[in-house]
Amino acid sequence: MRRGELYRVRRPPGDPKPTRVFVVVSRQAVVDSRYSTVICAPVFTRRDGLSTEVEVGPDEGLKHPCSIHCDALVSIPKASLHDYVGSLSATQQERLSGALRIALGVE
């Protein structure tokens with residue numbers, strides 16, 4: 001498991017959909033650690049054009065254009081992240097980092 005990878009999660013907590021794609025956003029040191037959870041950002045088909053969203057789509061393994069919503073971060077057990085979808089390119093990872101800085105108010 002790596003930062004920037006997308007996984008389909010079955011029955012995500014608090015989500016009405018039976019499955020949802022999430023992107024791992026925790027730093028790699030946490031992903032590689034003994035912690036049982038990682039921080040993830042959900043992927044929605046809805047795109048609002050906010051600075052805290054990153055557009056993704058077929059290039060990242062998805063069926064259609066979507067967006068990563070960095071204002072809706074959640075902690076997900078690593079054991080739930082087993083249905084690999086794809087990964088972000090280096091450019092997309094940079095966009096993700098920028099959107100996370102905006103969402104968290106970090107300069």
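The values are calculated or read from the model by the stated rules, or taken from the named source; none is laboratory data. Source: prediction; values computed, not measured. Cβ placement follows ideal geometry from the backbone for every residue including glycine, while neighbour counts extend to all protein chains displayed.
In segment 1-28, the qualifying residues are those that are over 19 Å from Glu55 (Cβ atoms) and small (Gly, Ala, Ser), and the one that is modelled with the highest pLDDT is Ser26. Highlighted here are the strands (runs of 3 or more DSSP E) found entirely within segment 1-64 that include at least 3 residues which are farther than 19 Å from Leu104 by Cβ: 5-10, 19-24.
Of the set (1) touching a residue at least 60 places away in the same chain (Cβ under 8 Å); (2) within 13 Å of Met1 (Cα to Cα); (3) not acidic (Asp, Glu), all apply to Leu96 but (2). When the residues of segment 87-107 are filtered to those that are more than 11 Å from the chain's Cα centre (by Cα), of a type outside the set (Val, Ile, Thr) and not in a helix (DSSP H, G or I), the one that is surrounded by the most Cβ atoms within 10 Å (Cβ to Cβ) is Ser89. For segment 32-45, residues that are over 17 Å from Leu100 (Cα atoms) and either in contact with a Ser or Thr (Cβ under 7 Å, 6 or more places away or on another chain) or crowded, with 19+ Cβ neighbours inside 10 Å (or both) total 1.
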